[in-house]
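The values are calculated or read from the model by the stated rules, or taken from the named source; none is laboratory data. Nothing here was measured: the structure is a model prediction, and the numbers come from that model. No Cβ is skipped: glycine too gets one built from the backbone with ideal geometry, and neighbour counts run over all protein chains shown. With ligands, DNA and RNA removed, areas are computed over all heavy atoms of the protein, side chains included. Shrake-Rupley method; radii C 1.70, N 1.55, O 1.52, S 1.80 Å.
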Amino acid sequence: ELPERAINKMLSFKFCLPIRHTRELARLVHCKTRGFPMYIIEFLRSIIQRNMMSFSVKSRKWRWDDILIDIQMISGNVAELLTRKLQQLSHDVIETLKVLSCFGQMNTSTIQLLDLGQFVPDMVESLEVAMKEGIVDKAGPIFAFSHDMLQESTYNLIPVEERKLLHVNIGRSLAQDVMVAQNAELCTLAVDQINISQGTDNILNPAERARFAWLNLIAGKHSISASSYEQARGYFEAGIRLLHAKAWDKQYSLCLELHELSVVVSFMDGNVETASSLLGVILSNTKSFDDALNSRVLRAKFLASQEQYSEATNELLDILSHFGEEFSQDACLAHVMSEIKAAQLMLKEVTKEKILNLPTIQDTRKINAMEIMGLLIALCNFSSPMLVPLLCCRLMKLTFEFGFCEDTISGLAFVSHALLFYSDDVLLAARVGRIAESLISGNIHEHSLRAKLTQMTCSVKVLIEPFQVTVDHCLNGYNSAKIVGDIDNAMLCGLIYCISYFFSVPDLIGLQRHMVNFFHQMTKHKRIGVLHSVMSYFDAVTALIGNEDSCSIDASIERKTNEELYQIAEQTQSTYLMHHVIINQMYVLCYLREHLLVADLVEKYRRMYAGTKNTGTKRALDIYFVFFEGISALCLARDTKQKSWRQIGEESAKTMSQLVDYSAWNFENKLSLLQAELHYLNQRNTMAELAYQASISSAHAHRFFHEEAMAQEMYGIYLIENKMVDKGIVELETAMGKYESWGAARKVDYLKDFIELVNIPASM
């Protein structure tokens with residue numbers, strides 16, 4: 001064994017440096033190798049390979065990082081030597097190391113709290129002795145074994161029959177501190193020691209079991225605050241195991257809270273089977289409506305995540321009826337319009353200041369009712385959209401009648417959406433939406449509010465702000481939801497992000513990668529309903545790319561075709577999923593110029609709502625339904641000369657001209673393209689040509705490059721059909737380049753084939 005001085009001389013000689021420069025390195029090498037020459041060579045080789053030591057050409061000398069080298073674990077060979085040395089240490093040092101082995105590492109503040117004097121008189125002194133022997137390292141206030149092997153060997157010195165008692169004694173000692181519940185680190189350390197000791201029935205008395213069940217509850221809450229949901233679930237489950245055999249009788253409140261929070265984190269973490277089982281236990285043991293409230297809300301969320309929308313909606317409507325808020329699922333469009341007009345009058349003079357000056361709501365039943373309404377609005381988007389505007393208006397009525405609360409902000413965001421789609425008062429809708437967003441910003445619950453309101457605020461932005469803005473808006477909502485552990489809204493924001501990206505960002509390959517990422521997240525968290533909606537967009541993207549093997553989807557994710565997704569939508573009565581499936585099919589078929597098939601989908605879409613309680617429902621993406629229907633109808637009118645197609649095209653152009661008043665950025669290019677097709681149909685060729693060029697120019701200026709490609713393609717076809725073949729082919733080739741940049745390889749192949757057909761007569 002070489003002494004530290006000899007190692008220093010050797011390093012000084014080998015690295016051609018003064019002894020004073022290598023002194024600290026020599027100390028570290030001796031500490032890590034115990035001075036054995038073979039281990040010294042091995043250690044130096046390892047730190048060079050890990051770039052902790054290198055030769056600097058510029059300064060022409062060796063350089064190293066003392067801090068990085070200091071925190072390196074000693075080698076296995078040295079650990080074996082030190083393990084043999086353990087038995088030679090004093091009794092107090094060994095006992096101290098046994099306690100340390102129960103943790104792995106310990107902070108000096110934790111050591112000071114331990115009352116184990118009967119076993120270890122002075123732990124700090126004993127640890128310093130172990131440091132000198134190289135068994136323990138110290139980094140700041142933290143003591144830790146210098147190798148995992150040493151911890152394992154020390155732990156094995158504790159007789160098996162004594163280990164459980166030692167863990168329990170450590171847990172008892174830490175739990176004595178009066179601040180244990182407030183100190184997250186101390187609380188988790190204490191319960192970890194108890195939870196390690198499975199089967200403590202004969203060691204802990206009933207009072208101790210109750211205390212550690214409560215401390216597990218507190219530790220779980222600390223873990224939720226740190227977004228460690230799996231760890232939190234472990235604490236809640238451990239707390240449940242420590243409860244009395246008749247806990248629902250003897251420890252009702254503690255038992256209820258542990259079970260409820262266990263459901264929450266199980267649901268967050270995708271353990272839906274566990275969540276479902278626990279909900280059954282809770283609801284069969286609760287003693288009152290108020291006690292069952294949280295679990296009934298959780299059950300509704302669980303049912304919705306599994307596409308059982310009707311059952312979830314009925315659950316929440318029943319809860320609302322207990323709070324005196326009745327809603328009929330048979331609401332018609334006339335009823336909705338009546339409520340919307342009342343909301344317009346109520347909000348006509350509303351400002352942020354007027355909302356903030358409202359008294360704070362005091363009625364807890366109304367607070368609870370407003371919270372349930374907010375949740376029900378998000379749910380009704382999937383299955384009962386006609387209820388959405390009614391719920392929005394009721395939220396605002398309760399605000400003005402009973403006062404301001406956090407859900408007032410939700411109500412403003414929701415009602416701005418309802419005003420936009422069920423009235424012509426776009427200015428009021430936009431103003432109310434901006435008030436809601438200003439109230440979210442800087443709010444103490446900003447992330448939570450943003451997470452649950454992103455979908456509604458996005459639907460408003462689509463009509464009045466540049467569409468591309470919504471992509472970042474959705475991403476912000478997703479990040480906020482992840483921060484607060486709101487998995488449902490995180491997945492929903494992920495879906496809205498994919499939708500916004502699909503319609504506004506010309507990058508199919510990038511979008512496909514994002515979708516695969518969301519697939520994995522939604523599958524992990526068992527959010528099946530949202531997963532199926534994303535799949536409908538994935539199918540559209542894949543159809544345009546034309547290569548199903550261009551992405552890597554985990555085998556555990558079961559892909560669904562559009563036909564299968566539509567069947568699922570019918571079975572689950574999800575008009576939301578039906579809406580997305582049909583819109584996506586229309587999108588692809590319109591780009592592929594299968595206009596008769598688009599017309600068939602239009603009929604299917606109308607039949608979906610006809611004669612149902614959702615007749616008259618309006619959704620944000622209806623703008624694309626209008627656009628695709630109009631383009632296809634005008635092409636069919638030109639081919640078939642049928643007046644009915646012309647009338648549909650004219651109606652689409654009329655609707656799009658109204659949308660341009662809201663946002664020229666989003667809709668000007670679409671209106672110009674519809675007008676171009678109308679002019680072409682009416683044989684006003686000069687006007688048609690100007691309109692095609694206007695559509696191309698507007699799409700380019702507003703960064704809808706994929707729609708620019710569509711306009712150029714249609715312009716090219718117009719030119720070819722009007723005997724300007726060379727000019728038309730130039731437009732088609734330009735469109736083909738833009739489709740290629742978009743990633744629509746299938747569309748590129750389509751245009752190549754079309755250009756070849758056009759060129760055949762010329763070659764003949």
Can you classify the stretch 621-760 as rounded, prolate or oblate using the Cα gyration tensor, where a ≥ b ≥ c are the square roots of its eigenvalues, rounded means a/c under 1.5, and otherwise it's prolate if a/b beats b/c and oblate if not? oblate
Table column - 3J(HN,Hα) (Hz), the stretch 466-473, Karplus curve with 6.51, -1.76, 1.60, x for Gly and Pro: x, 4, 4, 4, 5, 4, 5, 4
DSSP-defined antiparallel bridges as percent of all bridges, the chain, nearest 5: 90 percent
Helix 252-268 versus the longest principal axis of the chain: what is the Cα-based angle in degrees, 0 to 90, to the nearest 10? 60 degrees
5 Å is the cut-off here: which amide hydrogens, built 1.01 Å from N in the peptide plane, fall below it relative to MET386, excluding neighbours closer than 5 in sequence? none
Label point 7 Å beyond Cα of GLN362 along Cβ direction - residues of the stretch 392-425 with amide nitrogen under 17 Å: 399-405
The stretch 421-426 - phi-based ³J(HN,Hα) in whole Hz, Karplus 6.51/-1.76/1.60, Gly and Pro as x: 9, 10, 8, 9, 8, 5
Roughly what would the spin-label model give for LYS138 and HIS91, points 7 Å off Cα along C-beta, in nm? 2.5 nm
Please give the contour-minus-distance gain from ARG607 to ASP122: 0.36 nm per residue of separation, less the Cα-Cα distance, rounded to one decimal in nm. 166.5 nm
If you take every residue apart from SER126 with its C-beta less than 14 Å away from the C-beta of SER126, what net charge results, scoring Lys and Arg +1 and Asp and Glu -1? -3
In whole percent, the fraction of accessible protein surface over the chain that belongs to carbon or sulfur atoms, probe radius 1.4 Å, stands at 52 percent
Amide H of TRP62 versus every other amide H placed in the peptide plane: which residues, excluding those fewer than 5 positions away on the same chain, fall under 5 Å? SER56
Hey, can you grab everything whose amide H is under 5 Å from the amide H of PHE404? Only 5+ residues off in sequence or another chain; H modelled, so Pro and N-termini drop out. THR360, ILE361
Just read off the accessible area of MET179 with the full protein assembly in place, 1.4 Å probe, to the nearest 10 Å². 100 Å²
What are the semi-axes of the equivalent ellipsoid of the stretch 249-390, taken as the square roots of 5 times the eigenvalues of the Cα gyration tensor, listed largest first and rounded to whole Å? 32, 19, 14
For helix 19-33, what angle does its Cα long axis make with the longest principal axis of the chain, in degrees from 0 to 90 and rounded to 10? 90 degrees
How far is helix 91-101 tilted, in degrees, relative to the longest principal axis of the Cα atoms in the chain, given as a value from 0 to 90 rounded to the nearest 10? 10 degrees
Please give the peptides 234-244, 447-457 ranked by average Cβ packing (other Cβ atoms within 10 Å per residue), highest first, as a rough proxy for protection. 447-457, 234-244
Among rounded, prolate and oblate, which fits the stretch 410-509 when a ≥ b ≥ c are the square roots of the eigenvalues of its C-alpha gyration tensor, a/c under 1.5 means rounded, and a/b larger than b/c means prolate? oblate
Send over the per residue convex hull volume for the stretch 373-412, Cα only, as a whole number of Å³. 50 Å³
Could you give the distance between the Cα centres of the stretch 615-664 and the stretch 264-330, to the whole Å? 41 Å
Sort 423-435, 345-357 by the packing proxy (mean of other Cβ within 10 Å over each peptide's residues), most packed first. 423-435, 345-357
How much length would be gained if the chain were fully extended between LEU333 and GLU401, taking 0.36 nm per residue of separation minus their Cα-Cα distance, in nm to one decimal? 22.0 nm
Nearby lysines by direct alpha-carbon distance to LYS98 (threshold 19 angstrom, same-chain neighbours under 8 apart not counted): LYS85, LYS132, LYS138, LYS164
Given a 1.4 angstrom probe, what's the average accessible area per residue across the chain, in square angstrom? 44 Å²
Residue-wise HN-Hα coupling along the stretch 656-665, computed from phi with Karplus coefficients 6.51, -1.76, 1.60 (Hz; x: Gly, Pro): 5, 5, 5, 5, 4, 4, 7, 7, 5, 4
extent check for the stretch 585-704: Cα max minus min per principal axis, descending, whole Å, gives 45, 33, 24
Quick one: grab the alpha carbon gyration tensor of the stretch 669-740, order the square roots of its eigenvalues as a ≥ b ≥ c, and give me rounded if a/c is under 1.5, else prolate or oblate depending on whether a/b is larger than b/c. oblate
Identified option (computed Cα Rg over 2.2 N^0.38 Å; candidates [x] 1.55; [y] 1.25; [z] 1.08): [y]
Residue pairs, from the table LYS246/LYS287; LYS221/LYS354; LYS352/LYS670, whose Cα atoms sit over 25 Å apart: LYS221/LYS354; LYS352/LYS670
